[in-house]
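All remarks here apply to the structure that follows.
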Amino acid sequence: MPSNANKDRSAYRRRWRVTGPQQCHCCRQEAPFCWRCRCGFRICQRCMQENIWGMSCNAITWDCPDCGARNGLGNQ
Ligand SMILES: [Zn+2]
Ligand SMILES: [Zn+2]
């Protein structure tokens, strides 16, 4: 399991810009593209690939580790 996924979660509770680099909530680095959950959680492509086994069971959807919502992998 990723060990840094749940650290300092309260720091994430703010609005994020819609455009420009997006900060991955997993590795904390800015990425040109992140998958996004309705709750505001974002994860970059690299982290998604590293954690796909824990977040997706079918490579079509992924479950947000923050709120548990199901999101599509291919529609963003
Ligand atoms: Zn990342
Ligand atoms: Zn979520």
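Bear in mind these aren't lab numbers, they're just calculated from the coordinates by the rules spelled out. Because the structure is a prediction, the values reported are computed rather than measured. Note that each Cβ is placed from the backbone with ideal geometry, even for glycine, and that neighbours are counted across all protein chains shown.
Quick look at the numbers
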| quantity | calculated |
| --- | --- |
| Residue that is farthest from the chain's Cα centre (by Cα) [pool: residues in segment 45-65 that are within 14 Å of ligand 2 (Cβ to nearest atom), over 18 Å from GLN29 (Cβ atoms) and touching a residue at least 24 places away in the same chain (Cβ under 8 Å)] | TRP62 |
| Residues (under 20 Å from PRO21 (Cα atoms), aromatic (Phe, Trp, Tyr) and outside any strand (DSSP E or B)) located in segment 33-76 | PHE33, PHE41 |
